[in-house]
Amino acid sequence: MKHPFDAKKTLEIIERMKLAKIGQYNKWEKIIKKLKKEQELNAEELEYYSNLTRIYKDSKITHRSKIFHSKLSEHDEKPPCKTCGDISQYYCNMNDQYFCTIHVVGHDENEI
């Protein structure tokens, strides 16, 4: 399966985060194995990765803060996802739009 992001660069980032003890080791291991076998990541794995990091096309890497994407609480209004129309789970304050778990990663033209 072809990932909508650079799998090689993603593996490098995850390896660095794992060594720096950022995140949970066992979750990184599962994601690494899937990426190396070119398997599709499930929604939970995509969400875990997208909550901790953001990769840009120009190869500059920045750690994401909650400033850019806020996970909506059970009490928040959940308008449709901008991309697919499903119930949104994240709000992006950079462009004032709502996204589901799948589409929060890669919705920005500067982001893979």
Fill in the blank from the handout: The residue from Ile13, Ile22, Ile31 that alone is of a type in the set (A, V, I, L, M), within 20 Å of Ile102 (Cβ to Cβ) and at pLDDT below 85 is Ile13
Problem - Given (1) open to solvent by 70 Å² or more (accessible area, probe 1.4 Å); (2) assigned to a helix (DSSP H, G or I); (3) at pLDDT below 80, number of the condition Lys8 does not satisfy - result: (3)
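For the stretch 34-50, give me the residue count where each residue is of a type in the set (S, T, N, Q), at pLDDT 80 or above and open to solvent by less than 40 Å² (accessible area, probe 1.4 Å).
The initial filter retains those residues of the stretch 34-50 that are of a type in the set (S, T, N, Q), namely 39, 42, 50.
The next check asks that each one be at pLDDT 80 or above; those that pass are 39, 42.
Next, only the ones that are open to solvent by less than 40 Å² (accessible area, probe 1.4 Å) stay: none.
The number of residues fulfilling the criteria is 0.
When only residues in the stretch 58-70 that are over 19 Å from Ile31 (Cβ atoms) and surrounded by 12 or more Cβ atoms within 10 Å (Cβ to Cβ) count, which is modelled with the lowest pLDDT? Write out each step before concluding.
Initially, the stretch 58-70 is screened for residues over 19 Å from Ile31 (Cβ atoms), giving 58-60, 62, 65-68, 70.
Filter again for surrounded by 12 or more Cβ atoms within 10 Å (Cβ to Cβ), leaving 68, 70.
Numbers: Phe68: 70, Ser70: 79.
That would be Phe68.
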Problem - Matching entry among Thr53, Thr83 (being of a type in the set (S, T, N, Q), modelled with pLDDT of 85 or more and surrounded by 14 or more Cβ atoms within 10 Å (Cβ to Cβ)) - result: Thr83
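The values are calculated or read from the model by the stated rules, or taken from the named source; none is laboratory data. Predicted model, so just to flag it, every value in this text is computed and none were measured. A quick note on method: Cβ atoms are made from the backbone with ideal geometry, for glycine too, and the neighbour counts reach across all protein chains shown. Calculation scope for accessible area: heavy atoms of the full protein, side chains included, ligands and nucleic acids excluded. Shrake-Rupley method; radii C 1.70, N 1.55, O 1.52, S 1.80 Å.
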